[in-house]
Amino acid sequence: YFSGAMHLRGHQTRRKVKQLLSHVPGYSILERDPDYYKNMGRSLFCLAPTGDGWGRRTTLAAMYGCIPVIVQDDVQQPFEDMLPYHRFSIRVKETDIGDIPAILEAIPRTCGEQNDTAPPA
């Protein structure tokens, strides 16, 4: 799931996301969504491509229980030195945007669930 502006000068990555993923079944790539927070909360994965902010979508996705898919080459996330982003998000290089469906499909759907055999965190 992704909803956000794509027309500004710095939104090349977002336009590429729309071009390569908007036709993929099960993917919702929108410029405006009146049910933004509801749809984010209903989604398993939420794209967080480069834009003109400071990781707002990554934070919102995590808050709404959606796994952030960060598409921001060479951009450090807020508090990345203190938060274990590798445990609650996925990073995809901008050159691999077209491979996102295969990358996400390869992730077990039990990812993130606790099980009885897992060692304590």
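The values are calculated or read from the model by the stated rules, or taken from the named source; none is laboratory data. Predicted model, so just to flag it, every value in this text is computed and none were measured. Every residue, glycine among them, receives a Cβ derived from its backbone with ideal geometry; neighbour counts consider all protein chains shown. Heavy atoms of the whole protein, side chains included, go into the accessibility calculation; ligands, DNA and RNA do not. Shrake-Rupley method; radii C 1.70, N 1.55, O 1.52, S 1.80 Å.
One table, with the values for the structure above:
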| quantity | calculated |
| --- | --- |
| Unique match (being farther than 19 Å from residue 12 by Cβ and outside any loop (DSSP other than H, G, I, E, B)) among 48, 61 | 61 |
| Positions within the stretch 40-52 being under 20 Å from residue 90 (Cβ atoms) and either among the aliphatic types (A, V, I, L, M) or surrounded by fewer than 16 Cβ atoms within 10 Å (Cβ to Cβ) (or both), in sequence order | 40, 42, 44, 47, 48 |
| Answer residue from the stretch 82-121, given it is assigned to a loop (DSSP other than H, G, I, E, B) and of a type in the set (S, T, N, Q) and is modelled with the highest pLDDT among those | 89 |
| Selection within the stretch 1-39 - buried (at least 18 other Cβ atoms within 10 Å of the Cβ), touching a helix residue (DSSP H, G or I) at 6+ places or on another chain (Cβ under 9 Å), in contact (Cβ under 8 Å) with a residue 40 or more places away in the chain and in a loop (DSSP other than H, G, I, E, B) | 1, 4, 27 |
| Where residue 79 falls short, out of the listed (1) open to solvent by 90 Å² or more (accessible area, probe 1.4 Å); (2) at negative phi; (3) at pLDDT 85 or above | (2) |
| Some residue of the stretch 53-65 being of a type in the set (A, V, I, L, M, F, W, C), open to solvent by less than 10 Å² (accessible area, probe 1.4 Å) and touching an Asp or Glu at 6+ places or on another chain (Cβ under 9 Å) | no |
| Filter result for residue 52 (at pLDDT 95 or above and over 11 Å from the mean Cα position of the chain (by Cα)) | no |
